[in-house]
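Student: Mind having a look at this structure? Questions to follow.
Quick note: the coordinates plus some simple rules give every number you see, no bench work behind them. All values derive from a computational prediction rather than experimental measurement. Using ideal geometry, Cβ is built from the backbone for each residue, glycine included, and neighbour counts are taken over all protein chains shown.
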Amino acid sequence: MTNHQPFAHRGMSVPRVVTTCAVAAVCALAGALPARAAAPADPATHAPQSAAHRPVLPAPTGRYRVGEVALHLVDQSRPDPWQSGQSHRELMAGVYYPAGRTAGFPAAPYMLPAAAAHFDGVTANTYLGLQLPTGRTDWADTVTHVAQGAPVAPGPDGRLPVVIYSPGLGEPRTWGTSLVTDLASRGYVVVTLDHTYESPEVQFPNGSLATMLPPTDPDSFIRKALAVRVADTRFVLEQLQLLTSGRNPDAEARRLPDGLAPRLDLSKVGMFGHSMGGTAAAMTMDADPRIAAGLDMDGNLTNFDGSLMPVAQHGLDRPLMLMGKDGTTDTGPGWQAFRDNTRGWTRQLTLRGSEHASFTDAEALLPQLGLSPSVQTADLGTIDPATAIRTNEAYTAAYFDRWLRGRHSHLLDGPSAEYPAMEFVN
């Protein structure tokens with residue numbers, strides 16, 4: 001691998017046209033570990049050295065318990081775009097779903113051991129730009145309220161809408177677990193994606209760890225990463241189609257939860273994401289008509305060089321909701337252009353008092369880590385964490401309920417006294 005100079009950090013004089021999280025990730029010392037490390041001899045040695053604290057995610061609010069299964073997906077039709085000489089593309093995905101019986105099934109880990117160690121030692125402070133103490137948190141054993149491999153719940157809902165979740169640049173797919181789990185508890189199948197070599201860490205079933213490759217030019221890196229995310233998502237949709245036909249897409253053919261395949265309704269597919277994951281949701285909708293509705297959480301629709309992305313230039317013919325942080329933001333030009341050029345349904349919302357990380361598990365987990373008030377405010381803003389979580393869950397569910405299930409609660413029509421933190425932008 002050639003040596004690359006990392007980009008300067010936030011003080012660098014560049015256009016602020018990607019979200020803070022993306023800037024932090026692109027500007028980080030990416031490649032602090034080998035791009036694909038061998039499987040550890042003893043995974044226990046990769047756990048935080050002083051894992052005294054076990055964080056807890058909020059319990060989901062829907063009527064279903066939640067199950068999860070990980071899928072190792074291999075695309076033999078394309079070489080890996082980040083690794084020359086690798087003839088295929090490998091991804092890890094998590095599938096969250098309404099679960100029936102959960103007794104006797106193990107708790108789903110928040111992260112696998114090697115991934116948790118990398119997150120604790122590198123990702124949180126380098127890529128996410130958070131100010132977290134290392135070695136004190138058991139990220140692998142964070143309480144998720146999710147049962148691994150539990151059977152899918154029977155119920156009156158019949159086949160279940162499918163929603164894809166794409167994380168921000170520099171974020172693992174698990175950094176959205178709280179919101180993903182809540183959506184699954186309300187009767188959705190939610191598939192979370194790690195975009196290998198652009199994600200900070202991806203642990204594969206054999207224990208090997210793929211980490212983010214060092215970027216060179218920020219504009220070309222972001223453009224390439226977004227194009228790869230679109231291709232990754234379209235491939236995953238094809239693998240879900242195989243699953244519904246009775247085939248197991250997992251590369252190791254590991255057992256799938258009972259009842260999963262017949263419950264997927266791929267005629268009702270949505271997508272959402274945070275930061276660059278939100279951007280990817282908009283771009284994938286633009287490229288693939290199978291995505292019926294999208295939600296962009298604080299993800300820009302403007303390139304690093306200031307030009308508008310194509311989806312902002314011509315808009316969409318299907319609904320996309322924009323949900324942003326409070327205060328000064330770099331999403332303005334792209335979001336405004338998208339709204340001006342979209343003939344169909346769209347909304348722009350602002351979560352009052354929030355910061356960029358307020359749409360992720362940071363709202364649930366950071367307050368449990370004993371951070372100083374000033375550090376917590378810098379990372380999460382001034383909004384009460386419980387309020388941020390409750391509000392994000394309500395609007396995410398209301399959005400997909402309306403456009404994937406035809407259930408119109410009127411929460412998206414205008415301000416709500418029940419959720420005063422959510423502002424509608426005219």
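Student: Between Thr279, Thr174, Thr196, which gets the highest mean-square fluctuation from a Gaussian network model of the chain, Cα cutoff 10 Å?
Tutor: Highest fluctuation of the listed residues: Thr174.
Student: Just how far, in whole angstrom, is the stretch 262-293 from the stretch 324-375 if you go by their alpha carbon centroids?
Tutor: After rounding, the separation between the Cα centres reads 19 Å.
Student: Any chance you could check the Cα centroid distance between the stretch 112-136 and the stretch 381-426 for me, in angstrom?
Tutor: Their Cα centres are 31 Å away from one another.
Student: Between the DSSP loop rule and a limit of at most 13 other Cβ atoms within 10 Å, which trypsin sites (Lys or Arg not before Pro) in the stretch 49-131 are left?
Tutor: Listed in order of number, the matching sites are Arg63, Arg101.
Student: Next question. Given a Förster distance of 30 angstrom, what is the FRET efficiency for Gln86 paired with Arg54, based on the Cβ-Cβ distance and rounded to 0.05?
Tutor: Once rounded, the FRET efficiency stands at 0.25.
Student: Whose amide H sits under 5 Å from the amide H of Ile164, counting only residues 5 or more places off or on another chain, with H placed in the peptide plane?
Tutor: Placed amide hydrogens put Val191, Gly270, Met271, Phe272 under 5 Å from Ile164.
Student: Please list, ordered by chain and number, the residues whose modelled amide H lies under 5 Å from the amide H of Val66; skip anything fewer than 5 residues away on the same chain.
Tutor: Amide H neighbours of Val66, under 5 Å, 5+ apart: Ala99, Ala147.
Student: Based on the Cα coordinates of the chain, what is the per residue volume of their convex hull in Å³?
Tutor: Dividing the Cα hull volume of the chain by its residues yields 134 Å³.
Student: By counting other Cβ atoms within 10 Å of each Cβ, how are Leu380, Leu183 ranked from fewest to most?
Tutor: With the sparsest Cβ surroundings first, the list reads Leu380, Leu183.
Student: Would you kindly derive the ³J(HN,Hα) couplings of the stretch 261-276 from the backbone phi angles with the Karplus curve 6.51 cos²θ - 1.76 cosθ + 1.60 (θ = phi - 60°), listing them in order in whole Hz, with x for Gly and Pro?
Tutor: 4, x, 8, 6, 10, 7, 8, 10, 10, x, 8, 8, x, 9, 6, 5
Student: Right, another one. Got a sec to turn the phi values of the stretch 63-68 into Karplus ³J(HN,Hα) couplings, 6.51 cos²θ - 1.76 cosθ + 1.60 with θ = phi - 60°, whole Hz, x for Gly and Pro?
Tutor: Once rounded to whole Hz, the list reads 7, 9, 6, 10, x, 8.
Student: I've got another one for you. Each label point is 7 Å from the Cα along the Cα-to-Cβ direction; what then is the distance between the points at Arg407 and Arg223, in nm?
Tutor: A separation of 4.3 nm, rounded to one decimal place.
Student: Just to be sure I understand the curve: with the Debye formula and one point per C-alpha of the stretch 175-253, what is log10 I(q)/I(0) at q = 0.13, 0.14, 0.20, 0.24 Å⁻¹?
Tutor: Values returned for q = 0.13, 0.14, 0.20, 0.24 Å⁻¹ are -0.56, -0.65, -1.16, -1.26.
Student: Additional query: Note down the relative contact order for the stretch 20-424 as a percent, whole number, built from C-alpha pairs under 8 angstrom at least six residues apart.
Tutor: Reported relative contact order: 17 percent.
Student: If you plug each phi of the stretch 242-247 into the Karplus form 6.51 cos²θ - 1.76 cosθ + 1.60 with θ = phi - 60°, what whole-Hz ³J(HN,Hα) values come out, in order, with x for Gly and Pro?
Tutor: Along the stretch 242-247, the couplings run 4, 4, 5, 8, x, 9 Hz.
Student: Further question: Please give me the summed charge of the neighbours of Thr137: other residues whose Cβ is under 9 Å from its Cβ, Lys and Arg +1, Asp and Glu -1.
Tutor: Computed value for this residue: 0.
Student: Okay, next question. So which trypsin sites (Lys or Arg not before Pro) in the stretch 134-210 are both in a DSSP loop and have at most 14 other Cβ atoms within 10 Å of their Cβ?
Tutor: Sparse-neighbourhood loop trypsin sites (Lys or Arg not before Pro): Arg159.
Student: As a test of the formula, what do you get for the chain when each DSSP H run with n ≥ 4 contributes -39,500 (n - 2.57) and the sum is divided by the residue count, at 222 nm and rounded to the nearest 500 deg cm²/dmol?
Tutor: Here the helix-only value at 222 nm equals -8000 deg cm²/dmol.
Student: Mind listing which trypsin sites (Lys or Arg not before Pro) in the stretch 278-378 are in a DSSP loop and have 10 or fewer other Cβ atoms within 10 Å?
Tutor: In loop regions of the stretch 278-378 (DSSP not H, G, I, E or B), the sparsely surrounded trypsin sites (Lys or Arg not before Pro) are Arg343.
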